[in-house]
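The values are calculated or read from the model by the stated rules, or taken from the named source; none is laboratory data. Computed from a prediction, not measured in an experiment: that's the story for all the values here. All Cβ positions, even for glycine, are placed from backbone atoms using ideal geometry, and neighbour counts span all protein chains on display. These accessible areas exclude ligands, DNA and RNA; they are computed on the full protein's heavy atoms, side chains included. Shrake-Rupley method; radii C 1.70, N 1.55, O 1.52, S 1.80 Å.
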Amino acid sequence: MSSLIKLIAGELNRLVKYKILPVSLVTAIIWIVIFLFLSENEAREITPLLIFVDVAAMSILLLGASHHLEKQEGTIRTMMVMPISMGQILTAKTIASMILAIESAVVTSVALFFIHGITFNYIVLLLFVAIAGAAHAAIGFVLSLRSRDFTSMLGLLMGYMFLFTIPSILFSFGIIDAKYEWLLMVSPSHSASHLITSAVTGNFEIGMVIAGCLYLTFLSAVLFKFEVYPRFKDNAVRG
Amino acid sequence: MGVAFSVRDLHFRYPSSREDTIKGISFDVLEGEIFGLLGPSGAGKSTTQKILTKLLEDYKGDIEYFGKNLKSMDSSFYEEIGVGFEVPVHFSKLTALENMRFFSRFYRKTANIQELMERVGLWEYRDVKVAEFSKGMKVRLNFVRALLNNPRVLFLDEVTNGLDPKNARIIKDMIAEYRAKGGTVFLTTHLMNDVEQLCDRVAFCVSGKLIEISTPRDLKLKYGKREVKVEYRENGTIASAVFPLDGIGFNEEFHSLLKTGKVETIHSGETSLEEIFIIVTGVEMK
Ligand SMILES: Nc1ncnc2c1ncn2[C@@H]1O[C@H](COP(=O)(O)OP(=O)(O)OP(=O)(O)O)[C@@H](O)[C@H]1O
Ligand SMILES: [Mg+2]
């Protein structure tokens with residue numbers, strides 16, 4: 001257990017040293033500036049989208065960037081010859097990625113409160129961001145492990161977003177009819193989007209929310225077990 | 001003396017490769033020795049090291065680590081071994097000291113980081129980010145990294161590659177001291193110097209096979225030409241003569257040359273390991 005804590009501390013330290021946390025804070029500040037120019041209602045409407053973009057797209061991007069950087073630096077290889085398990089390494093990286101997603105959700109929420117006095121159920125939001133964050137960390141790993149370098153990872157991410165994220169955004173703009181939403185839930189992006197929207201607006205469709213939570217948890221487990229875990233070591237050693 | 005690693009009929013194929021990279025090799029690494037794996041680029045030296053350090057697992061054959069099946073070892077195996085990689089393995093945006101402290105934190109017993117870094121001349125650069133290090137500095141930091149846990153067995157892949165003679169000397173001295181304190185070393189290299197100055201035993205590795213395992217001294221006795229070359233002055237010019245070392249005490253011609261000629265130099269002709277490698281394997285090192 002204490003190795004895991006040291007690993008997480010190391011990940012968080014590197015989020016700062018490699019300027020990933022500062023960059024993510026800057027994007028959050030851009031959101032804050034946007035809030036300043038919006039009315040309360042507009043802000044309320046756009047908030048789920050902002051949090052969703054951070055959780056579902058930024059987190060994949062940042063995880064991919066750090067994965068390929070570490071691979072280049074050879075540091076994953078040297079971690080593999082330490083008395084720690086691969087499960088611990090992956091857990092630490094996933095938690096770091098979740099913390100990043102939570103950090104931007106927190107900054108956004110605080111800004112909304114101070115600018116527009118908007119509040120919502122923070123515990124539920126935190127829970128949903130964590131669940132969606134873990135699933136998208138898994139997706140980030142899958143795309144990273146299946147790509148040669150960061151550029152080709154970006155290509156894969158584009159493909160992924162085209163398939164899964166864009167339809168969800170179209171839906172939130174009302175371009176896709178609401179009666180097809182259950183179909184859209186297959187997209188991890190949309191499940192995440194649905195959960196985050198529910199938490200922010202306070203409108204819970206219980207069936208959909210439970211389905212979304214279960215689906216994202218199940219998806220994380222399957223991806224980690226069958227895609228990430230078996231490939232990770234080989235990928236690091238090959239260099 | 002025990003056996004640190006015992007390797008029997010080891011085969012390995014990379015998933016993406018059509019033929020075996022390691023084609024059935026067997027050897028023992030004895031406890032307390034420096035065992036060298038010498039061979040040209042692409043021979044399979046790094047691959048062998050990765051197998052022994054459990055980084056590559058789908059091998060065929062038997063490997064025992066101090067009598068236990070390597071496959072049955074859990075991650076505590078890594079408490080006992082130190083691994084020096086061929087390429088740098090550091091967080092470039094962290095300083096040298098931050099890197100060493102981070103890695104060191106995960107081991108139960110740890111070496112004195114300051115002592116190690118002072119020894120390799122990096123202590124004064126401890127607060128410099130590794131990104132700003134030269135190639136040689138990174139190589140030296142890799143070496144410190146490998147020693148962080150006071151390992152029982154030390155793996156070194158091309159440890160002196162890219163070092164100037166002075167720093168190479170320091171690293172070699174440290175390896176020799178580590179051995180003198182009872183450590184076991186598995187070292188891969190394509191540099192003859194490393195082998196001649198360090199290794200107790202050496203294995204010649206070519207295209208995934210081991211050709212010969214022996215001590216450098218025995219190799220020289222077995223394959224080296226044993227002769228004496230005398231250079232002497234005759235009629236104002238330098239002439240030379242070569243005599244077989246065997247029976248030299250009874251060689252009249254050699255003796256009369258020593259008595260009458262103006263001897264300038266005498267060398268016992270040692271065949272270099274490099275030449276022996278070519279004789280034994282039929283393959284040039286480079
Ligand atoms: N991940 C990999 N996938 C497929 N083939 C590989 C992989 N890594 C190495 N090889 C091949 O295996 C062979 C042995 O490589 P290895 O790195 O073990 O050689 P080496 O003896 O250490 O050489 P060098 O002196 O250049 O370091 C080479 O032909 C190489 O191309
Ligand atoms: Mg090599």
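Solvent-accessible surface of the protein assembly as shown, taken per residue with a 1.4 Å probe and all protein chains present: 47 Å².
Provide the FRET efficiency to the nearest 0.05 for the A:Q72-B:F66 pair, computing r from the beta carbons and using R0 = 35 Å.
On the way: r = 35 Å, r/R0 = 1.00.
My answer for the efficiency is 0.50.
The aspartates and glutamates whose alpha-carbon is closer than 18 Å to the alpha-carbon of A:K17, local same-chain residues fewer than 8 away aside, are A:E70, A:E73, A:E103, B:E98, B:D127, B:E132. Each residue, B:S134 and B:V263, gets one label point 7 Å from its Cα in the Cβ direction; the gap between the two is 4.4 nm. Within region B:23-59, name every residue whose backbone N is under 12 Å away from a label modeled 7 Å from Cα of B:R152 along the Cβ vector. Under cut-off, by backbone N: B:31-32.
Backbone N atoms of region A:187-214 closer than 12 Å to the 7 Å Cα→Cβ label point of A:R44 belong to residues A:200-203. If you take all other residues with their beta carbon under 15 Å from the beta carbon of B:R13, and give Lys and Arg +1 and Asp and Glu -1, the sum is 0.
How high is the FRET efficiency between B:R105 and A:K225 when r is their beta carbon distance and R₀ equals 35 Å, given to the nearest 0.05? Step by step, r from the Cβ atoms, then E = 0.80.
Distance between the pseudo-spin-label points of B:R217 and A:K19 (7 Å out from Cα toward the beta carbon): 5.8 nm. Across region A:2-238, Cα pairs under 8 Å and at least six residues apart give a relative contact order of 28 percent.
Comparing A:I139, A:I34, A:I102 in a Gaussian network model of chain A where C-alpha atoms under 10 Å apart are linked, the largest mean-square fluctuation is found at A:I34.
Summary value for chain B: 22 percent relative contact order, contacts being C-alpha pairs under 8 angstrom separated by 6+ residues. Checking every one of the trypsin sites (Lys or Arg not before Pro) in region B:43-80 against DSSP loop status and a limit of 13 other Cβ atoms within 10 Å picks out no site at all. Fraction of C-alpha pairs exceeding 29 angstrom in the protein assembly as shown: 62 percent, rounded to a whole number.
Take every Cα pair under 8 Å in region B:1-156 that's 6+ residues apart, average their separations, divide by the length, and report that relative contact order as a whole percent. Each step should come with its number before you reach the end.
On the way: 237 pairs, mean separation 37.7, N = 156.
Computed over region B:1-156, the figure is 24 percent.
Taking every lysine pair in region B:133-221 that is 8 or more places apart or spans two chains, those with Cα atoms closer than 17 Å amount to 4. Straight-line reach from B:K45: taking Cα to Cα under 14 Å and skipping same-chain neighbours fewer than 8 places apart, the aspartates and glutamates in range are B:D20, B:E86, B:D157, B:E158. Span-like helix criteria (full DSSP H runs; alpha carbon extent of at least 18 Å along the helix axis; mean Kyte-Doolittle hydropathy of at least -0.5) are satisfied in chain A by A:2-17, A:20-37, A:40-53, A:59-73, A:86-116, A:122-145, A:188-201, A:206-223. Across every direction, the projection of the convex hull enclosing the Cα atoms of chain A has a mean area of 12.9 nm².
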